[in-house]
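The values are calculated or read from the model by the stated rules, or taken from the named source; none is laboratory data. On a predicted model such as this, the values are computed, not experimentally measured, just so you know. Every residue, glycine among them, receives a Cβ derived from its backbone with ideal geometry; neighbour counts consider all protein chains shown.
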Amino acid sequence: MDSVPIQLALPLLESSGPLKICSKCARALPLSAYYIKVKATGRRMADCRDCHNAGSIAYYATHKEQHNRVARERRQRDPARARAKDRAKNARTRPQLLVRRRAWHALPANKAKTKAYHKAHADQERAYYHAHAKCFIARAGAWNKAHPDAAAVYTRNRRARLAKAPGRFTPAEWQHVKERQDYTCLDCGQREPAIKLSIDHIIPLSKGGSNDIANIAGRCQPCNSRKGARLP
């Protein structure tokens, strides 16, 4: 303990596990706070994760062009290997990426950027879709099958938007409507799973009804079809 600075003595005494002193910030931290340098032996790096990450960010900021050039050359030498690494990374980090993407697109300024980008690249996007139409259709079908309620909500919101009807609702709000009705059709009284509740606009859009959740009710498909565009 004589070689340990006074400010580090307390963490060392309080911890029951092995500690390591960071070579940069001089903090006494558990081994989990250090990246593994040699997997075979479990040897840890000399600097902690915080210091190492800060150094990496600073280095990348000053060598950005060089880093991008090397990365491009590596991808050009072996594109198949680069694509395989990208797929593996995307599969590993997909949940975090989706959260970050939704948060980014939720900002009004970013919505405007996205709209402007799609408008400027409409021809390229249209050509790419037609070249990969089968893949897009298969993925959409698989998603709709795995998320039937969300797909139904998306379809209703899209139809209302095309009809220039005000309002929109979310899959969570539609789920709340079903729970409030005890998963029972308002007309015939049958319950899920004997029937499947479908989204019904209480006041039809063609009669001036809105697409807000207050105008949404659950009816089975036969009852919904019989009601049609009639007012309640």
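Side notes on the structure shown:
- The residue pairs whose first member lies in the stretch 55-79 and is closer than 27 Å to Ser23 by Cβ and not assigned by TED's automatic domain parsing to the domain that holds Ser23, whose second member is surrounded by 11 or more Cβ atoms within 10 Å (Cβ to Cβ) and hydroxyl-bearing (Ser, Thr, Tyr), and whose beta carbons are closer than 9 Å, counting only pairs six or more residues apart or on different chains, are His67/Tyr59; His67/Tyr60.
- Helices (runs of 4 or more DSSP H) contained in the stretch 51-145 and holding at least 1 residues among the basic types (Lys, Arg), under 28 Å from Pro171 (Cα atoms) and modelled with pLDDT of 90 or more: 79-106, 108-120
- Filter result for the condition that a residue is farther than 15 Å from Ala160 by Cβ, surrounded by fewer than 16 Cβ atoms within 10 Å (Cβ to Cβ) and in the same structural domain as Ala152 (by TED's automatic domain parsing), over Lys207, Lys196: Lys196
Let's see how each residue does on (1) among the polar types (S, T, N, Q); (2) in contact with a strand residue (DSSP E or B) (Cβ under 7 Å, 6 or more places away or on another chain):
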position: Lys134; (1), (2): no, no
position: Arg158; (1), (2): no, no
position: Gln221; (1), (2): yes, yes
position: Ser225; (1), (2): yes, no
position: Leu231; (1), (2): no, no
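- Residue match in the stretch 159-170 (condition: of a type outside the set (Phe, Trp, Tyr), part of a helix (DSSP H, G or I) and surrounded by 17 or more Cβ atoms within 10 Å (Cβ to Cβ)): yes
- Within the stretch 186-213, considering residues that are not charged (D, E, K, R) and not in a loop (DSSP other than H, G, I, E, B), the one farthest from Ala172 (Cα to Cα): Ser206
- Within the option set Asp187, Asp123, being touching a helix residue (DSSP H, G or I) at 6+ places or on another chain (Cβ under 8 Å) and either at negative phi or touching a residue at least 24 places away in the same chain (Cβ under 8 Å) (or both) holds for one residue only, Asp187.
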